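Before any comments, here is the structure.
None of the figures in this text is laboratory data; all of them are computed from the coordinates on show. Note that the coordinates shown come from a computational prediction; the quantities given were computed from them, not determined experimentally. Cβ coordinates were reconstructed from backbone atoms using ideal geometry, including for glycine residues, and neighbour counts include every protein chain displayed.
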Amino acid sequence: MSTMILPGDEFHLESRENVLLGPGAYCDPRNQKVQPVTAGFEVVTETKKNVSVHVEHNSKRYIPAVGDLVVGLITGSFSDSYRVSLSNFSTPVTLSYMAFPNASKKNRPSLKVGDLVYARVCKADKELEAEVECVDSSTGKDAGFGLLEGGTIAEVSLAFCRELTFNGDYPLLSLLAKNAQFEVAIGINGKVWFKCDDIRHTMACYRSITECEHRTQSEHKSIISKHFKTLLNSVP
Amino acid sequence: MLFAQTGVLELVDGSCKLQCGETTVMCSVTGPIEPKARQELPAQLALEIVVRPCRGVPSTREKLLEDQVRGVVTPVLARYLYPRQLAQLCFQILESGEPEELYSSKELSACINAAFLALVDAGIGIQASFASVCLSILEDGQRLLVNPSQAELIESRSTHVLALQLAAGAKKVENLLLLESYGDFDEQTLLQVLQTGEEACVKTALELRKVIEQKLQKDFVWR
Amino acid sequence: MSKAVEVRPMTFYPEVLARIAPDLSMQRHLSLGLRPSLRASEEFRNVEISDGKLSCASKETVNRSGNNILGSNVLKCGKTMIVTSITGGVVEENVPVEQDDEEPALENSDADRASQFGCIYPVVEVECGRAGAPTDEEMTLSQRIYNCFLHSGLLSKEALKVSVGVKSTNADGQASIQYPDEKDSTDLAKSFKPRRKWTYVLYAKIQVFSRDGPLFELCWNSLIYALQTTQLPRAFVDERTTDLKIPVSMRGRSAAIRETFDILCDPVKFQPLKLNAENISFASNFAVIELDPEAQLPKDDDDMQVDSPTSVLLADIQGEAEEASVSSIVSVVTGTAGNMKHFKAIGGDSKITLDMIKKSIKLAKLRSSDLEGKS
């Protein structure tokens, strides 16, 4: 896990067959050589069938990949789709009107420009515009996607975001939950949406999340209690 | 010799500040982002490079620097990974470290190294590591200096900028990315420059690796 | 679903293929042992040069009135034509107001190499039927020529100093101009030592018609030829102004004396621009291209199995197919004796080996002596 790898180095792979490439691994079309293209930690996972390899690295700009759960901002609407921004200045993605639960030609979704949506990436070819959906397309049913009403967004780095999403044991959110009640939606595109009833809780959560990103895990508890203390002692 | 720090700018995807001797540059990378229609390339990543001088407004001198940096960065970028996208590289020279009206070698070499760090920081795919050094040969034609000081540079008979593409833990030289020489020299000197420069580039690359190691520690501090 | 799709090979004319798939066209040509320009790999194009009779100093100049061109060259290489015209002016150097007559201040210590050299200011214009701000290519070309020229030491600052003559009118009312370095000059010209210094500045306008490949080398060579033809006009001041002194108040303190001169250029007398002959050098470019084994034409069975090289060195890049498909370029500016002035290698996607560098330097030397013979 902790082997550092840089572009130009070689992966520590035993066989060249059945290799699955993850983010940060690239196969040069000219010489078919598998090589890392970003700096980070090498992760090689072996299963019975194949070996998957990727480079665990941290960055700020999100590149859509199929299956990712994201928080997007509606920036435009057309006759049959919305335009959604997943990160500033990146190529926008589309959200079709038909990609909502119970969608039909007559039943149009009622999102406005400036709304936040929680969605899933369903198409992400690098040559084409990516697409997101607000419905579980395998069942056609509501899967908790859609408009995020109210709340606020904390922008964090992508690796931190992944940790919050995939590591259920990661203590940050449970520590926050001890201090306040909130709803949360983590977009893998580096946007953490959350909503508290109290504006002071919102502020404290925002400050805690953004500060904890740059501190070690052992400090998190004291950071969170510090922020809640200062804000709750202030006059509403 | 070389001091660098990554992630110095908040609002861009990757950034670094690099000091090499008397020269200091700041580099920022934004991308892959949506390009303007005229920049878009159908199959690959487009590059926009901007060099800002440490004083005054940009001139043709900065345009040439931009062109030289582009020549180095383009072949190492994994540009087919990001079709129809754009990456912006911005350089701000903070300290030139050389008489600007006569030389630009030290700035160029610092910009190339800064570009590497900033690209890595931004997470844009690059196919190999690269590093650059500036070399000069003193008036007597004998002494070859690596990363000369300003005083040494103006006494030099010829100045050279070398950038190499490195592989296998920055120990193996894979390709020559740039060798640009001005002044008065001959074939023998040039070969000597290549030889000495190769060792110096490998050394620089190892220093850059250390900077990246620190960056990774900082990135995953919350683990 | 599983209906067989019929694939029909498409055929293109060579010119069309060169435009839509330059790399493929290039590789196919190379597999035949030829280049798209139908030259051999190490063959240069011929260069035709003339001075174009543009200079006002030249005896047979075509335009005499209002002509301020001091040196010129017209270089033709393949389709491309390059017209270089050198123009100039005289500027006053910044000399501190209070300075001893005898001791010219130490301008530059010897150590500072580049500031001993004079320079020209080149402007490259690639004519392509559009007006407006210069393109990036024009700007980088101009700057690169400037850098290269400055560091080559072709022109010393001394060569650009103006040795000022004096125009005097004798008793008969006949005006004559005398220069201090001429034999028959009178004491007047010799004794005239202005406190001020003048230097020539030279501009080079390099116009490119029918661009067809990289331009730096062609522009550089044309500039060198043009400078070899350059004649600087002699400059003089009128006798009546030689002792004209105007007091200038310096912030209320003691009034310093400033001279003012109206410096004029002699319409008939010229002297050639002194170049440091040992630094005259010519440029040539090379491309390194890797052979793609898949694009090679199938070999006959009875062909000998020879280990063919994986990459080739091409001299003198020309044309769309060649320029678009090579990214590894070596450019060498060298004198005939192997004293190099500029070297640039960009290793794009192909590997530039040490042997390639050596070979290109060797070829560049030969090319340089060939080009020197033409001037």
Check your understanding: What are the ³J(HN,Hα) values, in whole Hz, obtained from phi via the Karplus relation 6.51 cos²θ - 1.76 cosθ + 1.60 with θ = phi - 60°, for each residue of the stretch A:77-90 in sequence order, with x given for Gly and Pro?
Key -> 9, 10, 5, 9, 7, 9, 9, 10, 9, 9, 8, 4, 6, 6
Revision key, fill the gap. Proxy exposure order for C:Met81, C:Met26, B:Met26, C:Met10 (fewest C-beta within 10 Å first) is C:Met10, C:Met81, B:Met26, C:Met26
Practice item. Quick one: order B:Val12, A:Val192, C:Val16 by neighbouring beta-carbon count within 10 Å, fewest to most. Key: C:Val16, B:Val12, A:Val192
Check your understanding: Is chain A rounded, prolate or oblate when judged by the Cα gyration tensor, a ≥ b ≥ c being the square roots of its eigenvalues, rounded requiring a/c under 1.5 and prolate requiring a/b larger than b/c?
Key -> oblate
Study note, to complete from the structure: Between A:Ala130 and residues 5 or more places away or on another chain, the pairs with built amide H atoms under 5 Å apart involve A:Thr94
**Study point:** Fraction in percent of alpha-carbon pairs per bin - 10 Å, the stretch A:152-233
**Key:** 19, 59, 22, 1
Practice item. Could you give the size of the charge dipole of the stretch B:2-219 about its Cα centre, using +1 on the Cβ of each K and R and -1 on the Cβ of each D and E, expressed in debye and rounded to the nearest 20? Key: 780 debye
Point to revise | Net charge, B:Glu199 excluded, C-beta distance under 14 Å - Lys, Arg +1, Asp, Glu -1 | key: +1
Review point. Can you list residues whose amide H is under 5 Å from C:Ser328's amide H, if they're 5+ apart or on another chain and H is modeled 1.01 Å from N?
Key: C:Val288, C:Gly348, C:Asp349, C:Ser350
Revision key, fill the gap. Reduced to Cα centres, the span from the stretch C:1-73 to the stretch A:138-203 in Å works out to 61 Å
Revision key, fill the gap. For the protein assembly as shown, the Cα-Cα pair-distance distribution in 20 Å bins from 0, as whole percents, is 13, 37, 30, 16, 4, 0
Exercise for review: Answer rounded, prolate or oblate for the stretch A:32-160, using the Cα gyration tensor with square roots of eigenvalues a ≥ b ≥ c: rounded when a/c is under 1.5, else prolate when a/b is larger than b/c, else oblate.
Suggested key: prolate
Check your understanding: R0 = 30 Å: FRET efficiency of A:Arg108 with A:Ser138, Cβ-based, nearest 0.05?
Key -> 0.80
Check your understanding: Based on Cβ point charges of +1 for Lys and Arg and -1 for Asp and Glu, what charge dipole magnitude is obtained for the stretch B:130-178 about its Cα centre, in debye rounded to the nearest 20?
Key -> 260 debye
Check your understanding: Per Stokes-Einstein, at 4 °C and 1.567 mPa s, what whole-number D in µm² s⁻¹ belongs to chain B, with the Kirkwood radius over Cα pairs as the hydrodynamic radius?
Key -> 73 µm²/s
Exercise for review: Work out the charge dipole of the protein assembly as shown with +1 on the Cβ of Lys and Arg and -1 on the Cβ of Asp and Glu about the Cα centre, then indicate which of B:Trp222, C:Leu160, B:Ala122 is farthest towards its positive end.
Suggested key: B:Trp222
Study note, to complete from the structure: Residue-ordered couplings for the stretch C:123-136, obtained by feeding phi - 60° into the Karplus form 6.51 cos²θ - 1.76 cosθ + 1.60 and rounding to whole Hz (Gly and Pro as x), are 10, 9, 10, 9, 7, 9, x, 9, 10, x, 4, x, 7, 4
**Study point:** Unit charges at the beta carbon, dipole of chain A: most positive-side option, A:Leu73, A:Thr91, A:Leu231
**Key:** A:Leu231
Study note, to complete from the structure: Once phi for every residue in the stretch B:174-184 is put through the Karplus expression 6.51 cos²θ - 1.76 cosθ + 1.60 (θ = phi - 60°), the whole-Hz ³J(HN,Hα) values, with Gly and Pro written as x, are 9, 7, 8, 8, 7, 9, 10, 10, 10, x, 10
**Study point:** Filtered chymotrypsin sites (Phe, Trp or Tyr not before Pro), the stretch A:11-112: DSSP coil and at most 13 other beta carbons within 10 Å
**Key:** A:Phe78
Exercise for review: Find out how many positive minus negative residues lie around A:Lys48, taking Lys and Arg as positive, Asp and Glu as negative, among other residues whose Cβ is under 15 Å from that of A:Lys48.
Suggested key: -2
Check your understanding: If the limit is 31 Å between Cα atoms, which of A:Lys60/C:Lys351; A:Lys49/B:Lys171; A:Lys33/B:Lys215; A:Lys126/A:Lys191; B:Lys210/C:Lys341 go over it?
Key -> A:Lys60/C:Lys351; A:Lys49/B:Lys171; B:Lys210/C:Lys341
Check your understanding: Taking amide hydrogens as modeled 1.01 Å from N in the peptide plane, which residues meet the under 5 Å criterion relative to A:Leu148, leaving out close sequence neighbours?
Key -> A:Leu116, A:Val117, A:Tyr118
Review point. So what is the calculated 222 nm ellipticity per residue for chain B, using -39500 (n - 2.57) for each DSSP H run with n of 4 or more, over all residues, to the nearest 500 deg cm²/dmol?
Key: -11000 deg cm²/dmol
Revision key, fill the gap. When the charge dipole of chain A is computed with +1 at the Cβ of Lys and Arg and -1 at the Cβ of Asp and Glu, the Cα pointing farthest to the positive end, of A:Asn18, A:Thr202, A:Ala143, is that of A:Thr202
**Study point:** Anisotropy class of the stretch A:3-56 from Cα gyration tensor, a/c 1.5 cut
**Key:** oblate
